[in-house]
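One structure is given below, encoded as structure tokens.
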Amino acid sequence: MTHPLCAITGPTSGIGEATALDLAQRGYRLILVCRNETKGKALAQRCRDAGASEVAVELCDLASIESVRQAGQRMAASYPCLDILINNAGRSIRRAIEHSYDRFHDFQRTMQLNYFGCLRLSLGVLPDMSERRSGQIINISSMGVVGPPPRFSA
């Protein structure tokens, strides 16, 4: 039996790292989509040691639409049968709104990474998933989207 192929953004810390290691223990084939090659390679080795049947590191800065577009093209060419995309990478700026009036760029950077980056990557893998009528996209978010927590205006 071939294990599912799963791409995970933001896998080198927090929820993404825990998810990558959990899926590795289950024998999944993984694509670690991350900015930092050194951290990505270190995690890839930990995933192999944990039992992942295959692990690849795909360098991508999700804050750059061009980087996401290029990574999406490389992934589509190299891994045409992606089973699962987990959009986990995100930016969290801890600043109250009254300290953000002149910091519009904080909101732009947050939307670029947390929304547009994962949307662009999702749009890159959806054509193949639609054609195969198979695949899942999982979006992970913080509690910040549920309510207005203090100091998380962006």
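The values are calculated or read from the model by the stated rules, or taken from the named source; none is laboratory data. If you're wondering where the values come from, they're calculated on a predicted model, not measured in any experiment. Virtual Cβ from ideal backbone geometry, glycine too; neighbours counted across all protein chains shown. All accessible areas refer to the heavy atoms of the entire protein, side chains included, with ligands and DNA or RNA removed. Shrake-Rupley method; radii C 1.70, N 1.55, O 1.52, S 1.80 Å.
If a residue must be closer than 22 Å to Ser13 by Cα and within 16 Å of the chain's Cα centre (by Cα), how many such residues does the range 76-94 contain?
Adding up the residues that qualify gives 9.
Considering only the range 131-140, state which residues are open to solvent by 80 Å² or more (accessible area, probe 1.4 Å) and either assigned to a loop (DSSP other than H, G, I, E, B) or more than 23 Å from Glu17 (Cα to Cα) (or both). Those that are open to solvent by 80 Å² or more (accessible area, probe 1.4 Å) and either assigned to a loop (DSSP other than H, G, I, E, B) or more than 23 Å from Glu17 (Cα to Cα) (or both): Glu131, Arg133.
Between Asp128, Asp102, the distinction of being acidic (Asp, Glu) and surrounded by 12 or more Cβ atoms within 10 Å (Cβ to Cβ) belongs to Asp128 only. Counting only strands (runs of 3 or more DSSP E) that fall entirely inside the range 1-120 and contain at least 2 residues that are free of Cβ contacts under 8 Å to residues at least 12 places away in the same chain, no element qualifies. Please specify each residue of the range 80-92 satisfying the condition of being over 22 Å from Pro127 (Cα atoms) and either open to solvent by less than 20 Å² (accessible area, probe 1.4 Å) or touching a Lys or Arg at 6+ places or on another chain (Cβ under 8 Å) (or both). Residue satisfying the conditions is Arg91 alone.
Restricting the range 113-125 to residues that are open to solvent by less than 50 Å² (accessible area, probe 1.4 Å) and either hydrophobic (A, V, I, L, M, F, W, C) or modelled with pLDDT under 90 (or both), which is farthest from Met75 (Cα to Cα)?
Step one: filter the range 113-125 for residues open to solvent by less than 50 Å² (accessible area, probe 1.4 Å), giving 113, 117-118, 121-122, 124-125.
Okay, now just the ones that are also either hydrophobic (A, V, I, L, M, F, W, C) or modelled with pLDDT under 90 (or both), so 113, 118, 121, 124-125.
On the way: Leu113: 19, Cys118: 14, Leu121: 10, Gly124: 9, Val125: 8 Å.
Per the criteria, the residue is Leu113.
Within the set Ala77, Ala42, Ala96, Ala71, the sole residue that is open to solvent by 70 Å² or more (accessible area, probe 1.4 Å) and among the small types (Gly, Ala, Ser) turns out to be Ala77.
Here Val57 clears all of (1) surrounded by 15 or more Cβ atoms within 10 Å (Cβ to Cβ); (2) out of contact with any Asp or Glu (no Cβ under 9 Å at 6 or more places or on another chain) except the condition numbered (2).
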